[in-house]
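Asks: What follows is a single structure, and I will ask about it in a moment.
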Amino acid sequence: MLVTRAQLKINQTILIHGGAGGVGIPTIQIAKAMGGIVFTTARKAHHDFLMELGADYVIDYENENYINAIQQMTGNKGVDVIIDTIGGTTLADSGKILSQMGQVVTLVDIEKPQNLIEAWGKNATYHFVFNRQNRKKLDELTQLVES
């Protein structure tokens, strides 16, 4: 996903929603190994663990507005890549914190139409990856992890 979809590059910024989850943990590690500057969201109880994994910044989504936090931490430049593992309003809200030409990779089904006007003005790219349609890739990943 980071290589084939977002094509993360050294020193690019990335926000990984749900850093303490099953997708977030390896994504943090991969993004850091690729030279990314990693932001993630998680409960306060997981912050130390995620920093040990390689996250540069962890936002407590229960007590902080992640949109305001990203804007402040990036000097209103936004992030280059967003990985959405949460759904809901994160897809539409991502446009508010994307850099120009930023990319969003979402792994969740869309339950209702989303207003992506914020991203449109930034010439953003959205990638939709639905796990149930990629069972073969998940099986390949499982084999890779187990070996």
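Asks: Out of the residues in segment 10-24 meeting the condition of being at pLDDT below 95 and among the β-branched types (Val, Ile, Thr), tell me which one is farthest from ILE86 (Cα to Cα).
Replies: Looking at the filtered set, the residue picked out is ILE10.
Asks: It is to be established whether one or more residues within segment 65-85 are among the polar types (S, T, N, Q), modelled with pLDDT of 95 or more and surrounded by 13 or more Cβ atoms within 10 Å (Cβ to Cβ).
Replies: yes
Asks: Condition check: acidic (Asp, Glu) and within 20 Å of GLY36 (Cα to Cα). Does ASP60 satisfy that? Full working, then the answer.
Replies: Working: acidic (Asp, Glu): yes; within 20 Å of GLY36 (Cα to Cα): no.
Criteria not met by ASP60.
Asks: Of the residues VAL104, VAL108, which is in contact with an Asp or Glu (Cβ under 8 Å, 6 or more places away or on another chain), in a strand (DSSP E or B) and within 23 Å of VAL23 (Cα to Cα)? Steps first, please.
Replies: Details: VAL108 fails: in a strand (DSSP E or B).
The unique qualifying residue is VAL104.
The values are calculated or read from the model by the stated rules, or taken from the named source; none is laboratory data. Fair warning: this is a prediction, and the values are worked out from it, not measured in the lab. Using ideal geometry, Cβ is built from the backbone for each residue, glycine included, and neighbour counts are taken over all protein chains shown.
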